[in-house]
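Here the structure is laid out as structure tokens; the discussion comes afterwards.
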Amino acid sequence: MSSTLLPPDSRGRELWCGEADYETARRDAVWNARKPDRGPDLIVQAASEQDVSAAMDYARGRGMKVAVRAGGHSLWGSALREGGLLIDLSRMREVSIDPRQRTATLEPGVTALDLATALAEQGLAFPVGHCATVALGGYLLAGGLGWNLGTWGPACSSLESLELVTAEGALVTADAHHHADLFWAARGSGTGFFGVATRFTVRLYPAPPAIRTSSLVHPLTAVPAVGAWLDRVAPVLPDSVELRVLIRANAPANGSLGGTGGLEVGAIAFGDSAGEADRSLHQVFHQLMAETGAARAPDATTTLPGLLDASPPLLPEGRRYSGDALWSDAPAGDLLHHIARAAADAPSDESVILVCPSPPLLRGGRLPDAAFSMTGKTLVLPYAIWADEMADQRNREWLSTLTTTLGPLTHGHYVGEADLDRHPSRSVRSFAPANWERLRALRAVHDPQGIFHSFPGSDGQPRQRPANIPSSWET
């Protein structure tokens with residue numbers, strides 16, 4: 001079908017359900033190899049702001065609901081909604097860097113590795129996400145828990161302004177002084193944002209002169225000692241140190257915690273010199289080494305692009321995933337106890353659980369005045385990872401059982417990683433109560449007709465599809 005809605009000189013594409021290449025585009029809209037059994041009536045692969053405006057005009061004129069995709073890393077497939085129009089921004093990947101002003105202007109399809117590499121050449125950095133292929137558009141809208149979080153803060157706090165197409169089709173620039181409500185909402189509302197962000201201007205930082213990494217590996221039987229140590233060290237963690245506990249799943253026949261799995265305590269220090277970074281790592285690790293006798297891996301020097309380009313990746317492409325993100329203020333020992341037991345029962349030995357203590361700025365609630373508002377002392381990120389489609393149910397049930405077990409120890413979710421598709425309350429629990437209410441009120445003002453899909457379960461009753469719109473995707 002020839003283009004009916006994009007400008008004549010557009011480099012974008014429109015793909016209706018049932019046309020050639022539609023199914024490829026539908027599947028490519030989600031990074032997870034486990035694709036949702038739903039899809040839009042129309043996919044517009046936009047190449048410019050003009051394409052986005054044309055797509056919005058088309059949708060509004062025909063009563064079509066709109067979803068937006070930048071990179072497709074949402075494990076629950078937020079871009080794929082049933083019916084309506086999907087605006088795919090992944091082709092929009094321009095970056096402009098102003099070294100003197102220490103700002104960058106970027107389009108939503110720019111990936112973490114794209115930006116980190118371009119900035120490194122200028123001696124600059126930005127708190128990009130931990131996965132190389134995550135696109136900045138969705139990441140920034142979700143708040144952005146990236147590298148060097150303790151020093152640079154969530155990525156949305158470094159957002160200076162953004163250009164967006166509103167539900168009414170207007171192209172506006174939002175910042176702290178212009179369209180301030182939209183600017184507030186854009187920093188942390190994630191998939192619930194009621195606009196199409198087409199360009200971001202972000203504040204940059206000098207690249208850390210030294211980045212050093214190290215780790216300790218323990219058997220799962222060391223969980224009590226590691227948990228007690230983590231509870232002591234996390235509240236006094238230096239801002240420049242990023243700490244994580246990685247528990248690798250295993251399923252030994254006897255169900256014990258000792259099996260083939262393991263517990264790795266890793267730390268990354270960002271310093272003004274290698275010596276300073278090494279001292280930070282020693283400060284973090286020396287007590288744990290004395291208590292457990294674990295051998296410390298040799299310290300390694302890297303760069304921000306090097307952290308992103310790690311091989312093999314923790315979350316490999318081409319696998320089937322189910323994941324979640326849970327905030328907790330419970331003692332780390334209690335969390336690790338339940339997680340280690342669950343890891344021993346995991347159906348897939350590729351599955352991993354990350355336990356990440358928050359830096360002081362998140363523990364103390366020193367957050368920007370933005371939609372991003374739910375934090376805790378610890379972020380737990382469990383990922384069921386497997387390859388065989390026939391194992392979908394077992395792995396998803398395993399993850400669901402784990403998150404249910406941790407439920408009494410948690411109080412909320414990180415909107416950028418949580419499985420929001422499971423229950424509407426998960427979206428509510430991704431924000432402080434006052435921020436959730438403000439977000440709802442702003443949506444009513446800026447998208448009164450409900451053009452944009454909101455969080456799953458928050459849209460109310462499905463609309464009746466107009467007769468002139470092709471039928472929705474059928475599984």
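Of note:
- Criterion: crowded, with 16+ Cβ neighbours inside 10 Å and either under 30 Å from ALA174 (Cβ atoms) or in contact (Cβ under 8 Å) with a residue 12 or more places away in the chain (or both) - qualifying residue of ALA418, ALA387, ALA444, ALA391: ALA418
- Considering region 82-99, the residues that are part of a loop (DSSP other than H, G, I, E, B) and among the aliphatic types (A, V, I, L, M) include one that is surrounded by the most Cβ atoms within 10 Å (Cβ to Cβ), namely LEU89.
One line per residue, one yes/no per condition, for (1) over 28 Å from ALA125 (Cβ atoms); (2) not assigned by TED's automatic domain parsing to the domain that holds ALA371:
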{"position": "ALA167", "(1), (2)": "yes, yes"}
{"position": "ASP175", "(1), (2)": "no, yes"}
{"position": "VAL196", "(1), (2)": "no, yes"}
{"position": "SER215", "(1), (2)": "no, no"}
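- Scope region 10-40; condition in a loop (DSSP other than H, G, I, E, B), free of Cβ contacts under 8 Å to residues at least 12 places away in the same chain and under 15 Å from ARG91 (Cβ atoms); matching residues: ASP21
- Scanning region 355-389 for residues that are among the small types (Gly, Ala, Ser), touching a strand residue (DSSP E or B) at 6+ places or on another chain (Cβ under 9 Å) and in a loop (DSSP other than H, G, I, E, B) gives SER358, ALA370, GLY376, ALA387.
- Residues that are in a helix (DSSP H, G or I), small (Gly, Ala, Ser) and over 22 Å from ASP175 (Cβ atoms) within region 120-155 comprise ALA120, GLY150, listed in sequence order.
- Only one entry in ALA325, ALA330 is among the aliphatic types (A, V, I, L, M), surrounded by fewer than 20 Cβ atoms within 10 Å (Cβ to Cβ), at pLDDT 95 or above and within 30 Å of GLY412 (Cβ to Cβ), namely ALA330.
- When region 430-475 is limited to residues that are under 24 Å from PRO36 (Cβ atoms) and small (Gly, Ala, Ser), the one that is modelled with the lowest pLDDT turns out to be SER472.
- Test: residue in region 190-209 that is assigned to a helix (DSSP H, G or I) and without any contact (Cβ under 8 Å) to a residue 12 or more places away in the chain: no
Results for (1) buried (at least 19 other Cβ atoms within 10 Å of the Cβ); (2) assigned to a helix (DSSP H, G or I); (3) in the same structural domain as TYR383 (by TED's automatic domain parsing); (4) touching a Pro at 6+ places or on another chain (Cβ under 6 Å), shown as yes or no for each residue.
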| residue | (1), (2), (3), (4) |
| --- | --- |
| ALA59 | yes, yes, no, no |
| GLY63 | no, no, no, yes |
| LEU80 | yes, no, no, yes |
| GLN101 | no, no, no, no |
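- Number of the exception - THR221 against (1) in the same structural domain as ALA330 (by TED's automatic domain parsing); (2) modelled with pLDDT of 95 or more: (2)
The values are calculated or read from the model by the stated rules, or taken from the named source; none is laboratory data. Computed from a predicted structure; not experimentally measured. In this analysis, Cβ positions are derived from the backbone assuming ideal geometry, glycine residues included, and neighbour counts consider all displayed protein chains.
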